[in-house]
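A.B. asks: The structure follows.
The values are calculated or read from the model by the stated rules, or taken from the named source; none is laboratory data. Bear in mind the structure is a predicted one, so any value in this text is a computation, not a measurement. As a convention, Cβ positions derive from the backbone with ideal geometry for all residues, glycine included, and neighbour counts pool all protein chains shown. Only protein heavy atoms, including side chains, enter the accessible area calculation; ligands, DNA and RNA are left aside. Shrake-Rupley method; radii C 1.70, N 1.55, O 1.52, S 1.80 Å.
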Amino acid sequence: MSGTRTLVSPAVLARPRGKAVYWAVFTGVVVLFALAFLFPVYWMVTGAMKSPDEVTRTPPTLIPQTWHLGGYTDAWELMQLPTHLWNTVVQATGAWAFQLVFCTAAAYALSKLRPAFGKVILGGVLATLMVPAQALVVPKYLTVADLGLLNDPLAIWLPAVANAFNLYLLKRFFDQLPRDVLEAAEIDGAGRLRTLWSIVLPMSRPVLGVVSIFALVAVWQDFLWPLMVFSDTDEQPISVALVQLSQNIQLTVLIAAMVIASIPMVAMFLVFQRHIIAGISAGGSKG
């Protein structure tokens, strides 16, 4: 007797009527979820193609009466999107690289090298997760200002290194790596760094992909910290520029700018969604 229990018995599903009802319910649920998630995207994309009068009309129109593609070209030129998108790419890429190098090294040391007072250090790192991010803004700003890093990408890169959540995520994954593989590498004469580079990192691709997504998205969508450290408009990322340059911009142009700004993150998720799922699955498995 099978131990699997389902809402509908296999005998009912084996009947033609049971199959029809099952697939009808399944299709309806999938369509409802797809509409719930995709309709806001459709509304934003088509809203940029409406005229300024139509986008504020009540009741709203589901389909633009006249398609205006000029909103996207105006947003690209008037809001200087190439400059601000490039600033965001530089800031996000640097923060990702710094975070991946330092968090991986720290997690490997705490997991496999087992330094003295390692548990105390890990506890102190995790304790920082209890501190509200807003409470750290002023100390970080004073430190960055004293170092002369205002309007410099390093003001984004260096604070991003201290990410306790990603460090803990990496450490937990390293704890689950099979010890016999690492011991075999040690017997073959591989040092600590060689083991990390040739054994640990190739086995950790799923979790490294997840950490990379978290690091890039955190910088891409951050607003308060870049607003404080970048007073120069030409150095601001897209999240700050959309607010700073929206004063005398038509609503349709602003919506188009937001659509363009969201494309890189959506594309990155679609490309790396397999790695995200693999990383989450690997995080809960042993060996």
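A.B. asks: Please indicate, with yes or no, whether at least one residue in region 43-57 is basic (Lys, Arg) and out of contact with any Leu (no Cβ under 8 Å at 6 or more places or on another chain).
C.D. replies: Yes.
A.B. asks: Now a separate question. Report, ordered by the first and then the second residue, all pairs with beta carbons closer than 8 Å, sequence separation of six or more or different chains, a first member in region 64-80 that is over 12 Å from residue 50 (Cβ atoms), and a second member that is in a loop (DSSP other than H, G, I, E, B) and open to solvent by 80 Å² or more (accessible area, probe 1.4 Å).
C.D. replies: What qualifies is 74/250.
Table: residues versus (1) over 30 Å from residue 240 (Cα atoms); (2) of a type in the set (S, T, N, Q).
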position	(1), (2)
93	no, yes
112	yes, no
125	no, no
140	no, no
144	no, no
177	yes, no
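A.B. asks: Return yes when residue 198 is within 22 Å of the chain's Cα centre (by Cα) and of a type in the set (Ser, Thr, Tyr) and no when it is not.
C.D. replies: Judged against the criteria, residue 198 is not a match.
A.B. asks: Something else about it: Among the residues of region 57-73, write down those that are surrounded by fewer than 15 Cβ atoms within 10 Å (Cβ to Cβ) and over 28 Å from residue 216 (Cα atoms).
C.D. replies: Applying the first criterion (surrounded by fewer than 15 Cβ atoms within 10 Å (Cβ to Cβ)) to region 57-73 yields 57-63, 65-67, 69-70, 73.
Passing the criteria: 57, 58, 59, 60, 61, 62, 63, 65, 66, 67, 69, 70.
A.B. asks: Within region 188-212, take every residue that is assigned to a helix (DSSP H, G or I) and small (Gly, Ala, Ser) and give me the one that is most open to solvent (accessible area, probe 1.4 Å).
C.D. replies: 198
A.B. asks: Please go through (1) at negative phi; (2) at pLDDT below 90; (3) surrounded by fewer than 15 Cβ atoms within 10 Å (Cβ to Cβ); (4) not acidic (Asp, Glu) for residue 250 and return the number of the only condition it doesn't satisfy.
C.D. replies: If we test residue 250 against (1) at negative phi; (2) at pLDDT below 90; (3) surrounded by fewer than 15 Cβ atoms within 10 Å (Cβ to Cβ); (4) not acidic (Asp, Glu), just (3) comes out false.
A.B. asks: Related question: Show the residue pairs meeting these rules: Cβ distance below 9 Å; 6+ apart or different chains; first residue within region 119-142 and modelled with pLDDT of 90 or more; second residue part of a loop (DSSP other than H, G, I, E, B) and surrounded by 11 or more Cβ atoms within 10 Å (Cβ to Cβ).
C.D. replies: Between residues of region 119-142 that are modelled with pLDDT of 90 or more and residues that are part of a loop (DSSP other than H, G, I, E, B) and surrounded by 11 or more Cβ atoms within 10 Å (Cβ to Cβ), the close pairs are 141/150.
A.B. asks: Within region 158-182, restricting attention to residues that are among the polar types (S, T, N, Q) and outside any helix (DSSP H, G or I), which residue is surrounded by the most Cβ atoms within 10 Å (Cβ to Cβ)?
C.D. replies: 163
A.B. asks: Now, a different point. Looking only at helices (runs of 4 or more DSSP H) that lie completely in region 74-155, which have at least 2 residues being of a type outside the set (A, V, I, L, M, F, W, C) and open to solvent by 50 Å² or more (accessible area, probe 1.4 Å)?
C.D. replies: Hits in region 74-155: 81-108, 137-146.
A.B. asks: Tell me whether region 21-36 contains one or more residues that are at pLDDT below 85, over 35 Å from the mean Cα position of the chain (by Cα) and either under 22 Å from residue 246 (Cα atoms) or open to solvent by 60 Å² or more (accessible area, probe 1.4 Å) (or both).
C.D. replies: Yes; the residues of region 21-36 include at least one that is at pLDDT below 85, over 35 Å from the mean Cα position of the chain (by Cα) and either under 22 Å from residue 246 (Cα atoms) or open to solvent by 60 Å² or more (accessible area, probe 1.4 Å) (or both).
A.B. asks: Might you check whether a residue that is of a type in the set (S, T, N, Q) and more than 21 Å from the chain's Cα centre (by Cα) occurs anywhere in region 106-120?
C.D. replies: Taking every residue of region 106-120 in turn, at least one turns out to be of a type in the set (S, T, N, Q) and more than 21 Å from the chain's Cα centre (by Cα).
A.B. asks: Additional query: Kindly provide the set of residues from region 37-56 that are buried (at least 17 other Cβ atoms within 10 Å of the Cβ) and not polar (S, T, N, Q), ordered by number.
C.D. replies: 47, 48, 49, 50, 55
A.B. asks: Just wondering, is there one or more residues in region 186-209 that are aromatic (Phe, Trp, Tyr) and in contact (Cβ under 8 Å) with a residue 12 or more places away in the chain?
C.D. replies: First, the residues of region 186-209 that are aromatic (Phe, Trp, Tyr): 197.
From what is left, the residues that are in contact (Cβ under 8 Å) with a residue 12 or more places away in the chain are none.
There is no residue in region 186-209 that is aromatic (Phe, Trp, Tyr) and in contact (Cβ under 8 Å) with a residue 12 or more places away in the chain.
A.B. asks: Continuing with the same structure: Assess whether residue 140 counts as being basic (Lys, Arg) and closer than 16 Å to residue 174 by Cβ.
C.D. replies: Answer is no for this residue.
A.B. asks: Please find, among 185, 261, 256, 215, the residue that is open to solvent by less than 20 Å² (accessible area, probe 1.4 Å), assigned to a helix (DSSP H, G or I) and in contact with a Gly (Cβ under 6 Å, 6 or more places away or on another chain).
C.D. replies: So the residue among 185, 261, 256, 215 that is open to solvent by less than 20 Å² (accessible area, probe 1.4 Å), assigned to a helix (DSSP H, G or I) and in contact with a Gly (Cβ under 6 Å, 6 or more places away or on another chain) is 256.
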